[in-house]
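Remarks on the structure that follows.
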Amino acid sequence: MKKKLLIIYRCFGSVQFTIFLFITLALASILGTIVPQDLSPDKYTSLYNPDIYSLLQYFHIFDLYHSWWFTILLICLSVNILICTCIQIRRISRLYMFKQEKIDYSIPVSSGNNKQFFSNKGVFELEEKLRVFLKSLMGCDAYCIKKNDGIYLFAERGRWSRFGMVFVHFSILFILCGGLIAAIWGFIGHMNLVEGQQSNRVILNGEKDSLLLDFDVRCDDFTVDFYDNGLPKEYQSNLSIVERGKPILSVPVRVNHPLKYRGLKFCQASYGISRESYAMIDVRNNRTGEETTLKMGIMEKTPLPGSESFLAIGTFNADYQGHGPSVPGVLIEKGTPHRIFRISHEGVVEGSETGDFSFRLMDFKKQYYTGLRITYNPGSPLIWIGFILVFCGFIINFFSVHKRIWVMISPLNEGSEIKIAVSASKQKEAFEEKLAILLGRMDRGNEP
Amino acid sequence: MNDTYILSVTTFVYFFAAFFYLSSLFFHKRFVERVALIFVCSGCALHTVAIGIRWIISYHLGIGHAPLSNFYESLVFFSWAIIFVFLLMIRRYKQPTIGMFASFFAFLLLAYASLSGQVAHEIQPLIPALQSNWLISHVISSFLAYACFTISFGASVVTLTRLIGRISTDTDFWEDVTYRMISMGFVLLTLGIITGAAWADRAWGRYWGWDPKETWSLITWLIYGTFLHARLIGKWRGLRMSLISILGFLAVMFTYLGVNYILSGMHSYL
C-alpha cells in the first residue's frame, strides 16, 4: 500500500506529468477557441450535425473551461506544483539552509570547472592569501576547516536566490486557488438601469436566475461624450447606493473606474438608448382630416387613428443629413409592403410615400440606460498575493545569483597543491571570468 | 517632421542592416558587420525619435496618449522592441546571424505598417476601455516578450537547419541563445498576462474570462513553460527543443494577429 502511494506521489511530482498537463491544457484551450463557447443550443445545432453535436455535448465542449474534466486538469496541475515545490523546498533547505557545522567542504567532483595549481609556498601562507582572495571575489568571509589532508575553504553568496522560483511556483497555486474560490462563491452578473431607475436585481451571466442584493442601486444620470469621429470618448453613470430607502453613497462610475461596495464591484460595461425613450409625433389622416399627437416608444407598433394601419419608429438621430433631429418610421398597412421613411420637424423628409398620412416629429425624449457589470470575487486577495509573489520571485531570481566556491590546500613534499571549484546558479561564464582575472592578478603579484 | 515619414525611412534603414548582416555571413568581414551595426543603431535612433514625435503630436491634437493603442502603433512598437532586445544582447552574442534575423523581422513589421496601405496610420483617440494606467505596462511587457520570442525563433531556425541539413551538430550556442531569450520572454509574458488580468479586473470586473486573446496568451505561456521545464529539468536538447520553440512562436503570432482576424473577442484592439 505504502509502495503504491509512493508511486502515485512520484508520478504526480514528476516533470513529465507537468509537461503532460501543460500540453493537455494547451490543446484543450485551443479546442475551446475553435468551438464557440456558451451559445444557445439552436445556434449549435445549426453549426454542427447531430452526431458531432451530441459528441461535443457529451464532453462539455460548449462550456469547456468550466467543465469537470478541465477543472480536474487544473487541480492536477495544482497538486503537481505543490508536490514539486515541496520537494524543491526540502532540497533547498537540506543543501543550502545554513548551519556552519553542516557545510560540505569537500570539493564537488561533478562540476566540470575544477582548477588545480601548484605553489612552492607553505599551506598556511597560502591560506592567508586565499582568504583575502575569496573575500575580494565573493565579498564575504570564507569558512575554513583544517583536516588531516589539508585546509578547506568554502564561501557562498546569494543562497536565498534559489527561493525565487519557489515563490513563482507558489504564486500559481495562490492564483489557481483564488480562481477556484471565485468560481465557487463568486458571481458575475449585470444590471441595466435607465436614468432615474433603481434596482437590486442582478442578472447572473450564464444562468437563468437572478440574484437580489440587500440594497438598491440607482442610476441618477448618465452622460456620454463623443470624439469628432463619432467614437465614445467617455461615458459615466452617477450611481447611488440606496440602503433601506436612504441614499448613503453617490459615486460616478466610468470605464476603468469601478465602484467597490461591500465586496461587490460595479463596472461601467455598456450603455444604450432605453426603450423608455419616446417620441411625440403629429399624425394627420389626409383622408378624414383627423389630426392627433401620438406618444410612441421605440420599436413599438402603434395603431393610427381612423384606420387599420400601424406606425413604428426607430432610434432617434440628433441630426440626420442636415434635416435636424429625426426618427426612422415604418408604416405597416394591410395589403401593401412596409413603407420606410424618416420623420423630422419638417415632416417626412426621405423615403417612400406615406399613404393617406402625414407625420411630423414634435418632440423626442431620449433616455439612456447604463449597463453595469456587477461582480463578486472573494478570491481576489489570494490572486493579488499570487501576483505579488510572481513579481518578487522574478526580482529575486533576476537580481541575485547563488555562487559557491570551494578551495582545498593540501601540502606536498615541496610546496602545496591548490584545488578550486565554483558553482553559480546562473551567469556562470561571468563568475568564472572574474575568478580567472583575480587568479591571474594573484599570480602576478605573488608568485616569483 | 512627420512621424510616419521617419518610420518609412527607418524601414529601409533596417532593410540595409539586414542586407549587410547577410553579406557579412558570406564575406566574413568584420567591417561589413560594423556597417550593419551602424545601420541598426541609426535605425533604432530614428525609430525612437519617430515614436517620441508621434507621442508629442497626439498631445498637440488634444488626445494625448502613449503611441501603443492601435494596430499601426503596435506594429511599430513590436519592431522597435525587437531591435531594442537585440541591442541589449549584442554585447554578449556577437553573431551576425542574430542581427540579420532581428533587423529582418523589424523591417518586415515596419514595412507592413508603413507600406501595405491596409493599416491606418492616423493617431486615433483612445476609446474609454483603453484609458487606463495599465495600458503602458501591459503593452510594453507583452511586446518585449514577443520580441524575445522572435529572436529565440530565429535562433531555433538556425538550430533546426543545422540539425536537419546535417551542416553541423554543434548547436550549443544557438540553443543557449534560444533558451536565454525564451526565459527572458517568459518572464515578460507572465508580467504581461498579470498586468492584463489586473487591468481586466478594473475594466470588466474579472481577472480572467477565457476571451480568445487571453486563452491564446495562456496557450503561448504553456508552450514556453513546457520548453523551460523540458530544458531545465528534463534536460531535453536539440531538435525537439527547437521544434517547441518554433511552435511557441507560431502561437505568439496567432495571439498577436490570428486572434483578431479569425476569432472575435473583447480584445478588439491589437
Would you say A:Ala312 is of a type outside the set (Lys, Arg), over 42 Å from the mean Cα position of the chain (by Cα) and closer than 30 Å to A:Val255 by Cβ? no
Hey, any hits in the stretch B:149-160 for a residue that's under 30 Å from A:Val255 (Cβ atoms), surrounded by 17 or more Cβ atoms within 10 Å (Cβ to Cβ) and of a type in the set (Phe, Trp, Tyr)? no
Quick check on my filter: what residues within the stretch B:17-56 are of a type in the set (S, T, N, Q), in contact (Cβ under 8 Å) with a residue 24 or more places away in the chain and surrounded by fewer than 21 Cβ atoms within 10 Å (Cβ to Cβ)? B:Ser42, B:Thr48
Looking only at the stretch A:309-324, filter to residues that are part of a loop (DSSP other than H, G, I, E, B) and modelled with pLDDT of 80 or more; which one of those is surrounded by the most Cβ atoms within 10 Å (Cβ to Cβ)? A:Ser309
Does B:Thr215 satisfy being within 25 Å of A:Asn377 (Cβ to Cβ) and at the interface with chain A (Cβ under 8 Å from one of its Cβ atoms)? yes
Can you find even one residue in the stretch B:238-255 that is within 9 Å of another protein chain (Cβ to nearest Cβ), surrounded by 17 or more Cβ atoms within 10 Å (Cβ to Cβ) and either farther than 18 Å from B:Tyr146 by Cβ or modelled with pLDDT of 90 or more (or both)? yes
Kindly indicate whether any position in the stretch A:186-193 is within 14 Å of chain B (Cβ to nearest Cβ) and more than 30 Å from A:Phe222 (Cβ to Cβ). no
Helices (runs of 4 or more DSSP H) contained entirely in the stretch B:177-270, each with at least 2 residues that are basic (Lys, Arg): B:212-232
Check whether at least one residue in the stretch A:379-399 is surrounded by fewer than 16 Cβ atoms within 10 Å (Cβ to Cβ), over 20 Å from A:Glu156 (Cα atoms) and touching a Gly at 6+ places or on another chain (Cβ under 6 Å), and report yes or no. no
If you take the residues in the stretch B:203-251 that are among the basic types (Lys, Arg) and within 24 Å of B:Leu263 (Cα to Cα), which one is nearest to the chain's Cα centre (by Cα)? B:Lys213
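For (1) within 30 Å of A:His169 (Cβ to Cβ); (2) of a type outside the set (S, T, N, Q); (3) in contact with a Ser or Thr (Cβ under 8 Å, 6 or more places away or on another chain), each residue gets a yes or a no:
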site: A:Glu353; (1), (2), (3): no, yes, no
site: A:Phe364; (1), (2), (3): no, yes, yes
site: A:Tyr369; (1), (2), (3): no, yes, yes
site: A:Leu372; (1), (2), (3): no, yes, yes
site: A:Tyr376; (1), (2), (3): yes, yes, no
site: A:Leu382; (1), (2), (3): yes, yes, no
site: A:Val390; (1), (2), (3): yes, yes, yes
site: A:His402; (1), (2), (3): yes, yes, yes
Would you please name the residue that is modelled with the lowest pLDDT, looking only at residues in the stretch B:104-154 that are of a type in the set (Ser, Thr, Tyr) and more than 11 Å from the chain's Cα centre (by Cα)? B:Ser116
When you go through (1) farther than 19 Å from B:Phe78 by Cα; (2) under 19 Å from the mean Cα position of the chain (by Cα); (3) aromatic (Phe, Trp, Tyr) one by one for B:Trp199, which number turns out not to apply? (2)
Residue count, the stretch A:336-371 (criterion: outside any strand (DSSP E or B) and not polar (S, T, N, Q)): 8
Scan the stretch B:98-133 for residues that are part of a helix (DSSP H, G or I) and either in contact (Cβ under 8 Å) with a residue 24 or more places away in the chain or more than 14 Å from chain A (Cβ to nearest Cβ) (or both) and report the count. 20
Looking at A:Lys365, A:Lys426, A:Lys419, which one is out of contact with any helix residue (DSSP H, G or I) (no Cβ under 8 Å at 6 or more places or on another chain) and surrounded by fewer than 16 Cβ atoms within 10 Å (Cβ to Cβ)? A:Lys365
Could you count how many residues in the stretch A:349-394 are under 30 Å from A:Lys434 (Cα atoms) and more than 10 Å from chain B (Cβ to nearest Cβ)? 1
Residue among B:Ala230, B:Ala197, B:Ala203 that is closer than 24 Å to B:Pro125 by Cβ and either modelled with pLDDT of 95 or more or of a type in the set (A, V, I, L, M, F, W, C) (or both): B:Ala203
Evaluate the stretch A:53-62: report whether one residue or more is within 14 Å of chain B (Cβ to nearest Cβ), in contact with a Gly (Cβ under 7 Å, 6 or more places away or on another chain), at negative phi and part of a helix (DSSP H, G or I). no
Does A:Ile273 qualify as being among the β-branched types (Val, Ile, Thr) and buried (at least 17 other Cβ atoms within 10 Å of the Cβ)? no
Taking the condition of being closer than 30 Å to B:Gln124 by Cβ and either within 11 Å of chain B (Cβ to nearest Cβ) or out of contact with any Gly (no Cβ under 8 Å at 6 or more places or on another chain) (or both), how many residues in the stretch A:194-246 meet it? 19
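Residue by residue, here is whether (1) outside any strand (DSSP E or B); (2) surrounded by 14 or more Cβ atoms within 10 Å (Cβ to Cβ); (3) at pLDDT 90 or above holds:
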| residue | (1), (2), (3) |
| --- | --- |
| A:Lys208 | yes, no, no |
| A:Asp216 | no, yes, yes |
| A:Asp228 | yes, no, no |
| A:Glu234 | no, yes, no |
| A:Ser237 | no, yes, yes |
| A:Pro252 | no, yes, yes |
| A:Lys260 | no, no, yes |
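The values are calculated or read from the model by the stated rules, or taken from the named source; none is laboratory data. Predicted model only: the values in this text are computed from it and were never measured. Reconstructed Cβ throughout: ideal geometry from the backbone, glycine too, with neighbour counts over all protein chains shown.
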